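*Asks:* Mind looking over this structure? Questions follow.
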Amino acid sequence: GHLVNRLDRETSGVTVVAKNAAAAGELGKLWESRVVRKEYLAIVHGAVREDSGAIDLALGKDEKSRIAIKDCARPDGAAARTEFFVERRFRSGGRDFSLLRLRPRTGRKHQIRIHLAAIGHPIVGDKLYGGNEDLYLALVEDRLTPAQREELMLPNHALHAESIGLNWRGAEKVFRAP
């Protein structure tokens, strides 16, 4: 099989695998043309005020970070847009959270995670963009302490690729991972 889309290390959900190289090429072109409809679910810190909205922030390399793969919102970066819809707001352990449905309109690296952190609502359990990047270093160096695990609240970040919709050879296809 040929993997067509990739998810970040801790993101769950739909991935698309082509059975052969020709199909992989066709699917790759669809992805690049931005006609693939992707929906994600995320649990974020805080009560997101607006019921829906769009985050338009360009993304590029985070030169202040010790972590090579980390990007950030920066005006000279590549244009990126994420639409969000609040599914519900809830409290747990005296803290506010929101469950969001997300539609990335571009496909930049770590886009949803950076955009949500940039508006003050990082994804629960995000070791890289949650505000304390030492959690990520601790993870890759296999030295996460029980206290750090508690701070993260979850073993993986709460981001899930719920569905992918596309027009495949004249037919509308939707793939879901509830």
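*Asks:* Check Leu166, Leu128 and return the single one that is in contact with a Leu (Cβ under 9 Å, 6 or more places away or on another chain), assigned to a loop (DSSP other than H, G, I, E, B), open to solvent by less than 30 Å² (accessible area, probe 1.4 Å) and not β-branched (Val, Ile, Thr).
*Replies:* Leu128
*Asks:* So the check is Cβ under 8 Å with 6+ separation or different chains; which pairs have a first residue in region 141-163 that's more than 16 Å from Thr11 (Cβ to Cβ) and a second one that's of a type in the set (Val, Ile, Thr)?
*Replies:* Met153/Val124
*Asks:* Ok, one more. Please determine, by comparing only the residues of region 31-53 that are modelled with pLDDT under 95 and over 16 Å from Ala80 (Cβ atoms), which one is surrounded by the most Cβ atoms within 10 Å (Cβ to Cβ).
*Replies:* Per the criteria, the residue is Val35.
*Asks:* Let me ask something else. Looking only at region 116-127, decide whether some residue is of a type in the set (Val, Ile, Thr) and within 24 Å of Glu32 (Cβ to Cβ). Step through it out loud before you land on a result.
*Replies:* In the first step, residues of region 116-127 are kept if they are of a type in the set (Val, Ile, Thr); the result is 119, 123-124.
Now drop any that are not within 24 Å of Glu32 (Cβ to Cβ), which leaves none.
No: region 116-127 contains no residue that is of a type in the set (Val, Ile, Thr) and within 24 Å of Glu32 (Cβ to Cβ).
*Asks:* So in region 130-178, with the set limited to residues that are of a type in the set (D, E, K, R) and under 30 Å from Val16 (Cβ atoms), which one is modelled with the lowest pLDDT? Steps first, answer last, please.
*Replies:* Step one: list which residues in region 130-178 are of a type in the set (D, E, K, R), which gives 133-134, 141-143, 149-151, 162, 169, 172-173, 176.
Now narrow it down to the ones that are under 30 Å from Val16 (Cβ atoms): 162, 169, 172-173, 176.
On the way: Glu162: 98, Arg169: 91, Glu172: 96, Lys173: 96, Arg176: 97.
Ranking the candidates gives Arg169 first.
*Asks:* Let me ask something else. Restricting the search to region 1-11, which residues are surrounded by 14 or more Cβ atoms within 10 Å (Cβ to Cβ) and over 15 Å from the mean Cα position of the chain (by Cα)?
*Replies:* Filtering region 1-11 for residues surrounded by 14 or more Cβ atoms within 10 Å (Cβ to Cβ) gives 2, 4-5, 7-8, 10-11.
His2, Val4, listed by residue number.
*Asks:* Let me ask something additional. Can you tell me which condition Arg103 does not meet? The list is (1) part of a loop (DSSP other than H, G, I, E, B); (2) within 22 Å of Glu32 (Cα to Cα), and all the others hold.
*Replies:* (1)
*Asks:* Also, I was wondering about something else. Filter region 12-26 down to the residues that are open to solvent by less than 20 Å² (accessible area, probe 1.4 Å) and closer than 27 Å to Ile123 by Cβ and list them by number. So that I can check it myself, show each step before the final result.
*Replies:* Within region 12-26, the subset open to solvent by less than 20 Å² (accessible area, probe 1.4 Å) is 14, 16, 18, 23.
Within region 12-26, Val14, Val16 meet the criteria.
The values are calculated or read from the model by the stated rules, or taken from the named source; none is laboratory data. Just so it is clear, the model here is predicted, and its values are computed rather than measured. Cβ sites come from the backbone with ideal geometry, for glycine too, and all protein chains shown count toward neighbours. These accessible areas exclude ligands, DNA and RNA; they are computed on the full protein's heavy atoms, side chains included. Shrake-Rupley method; radii C 1.70, N 1.55, O 1.52, S 1.80 Å.
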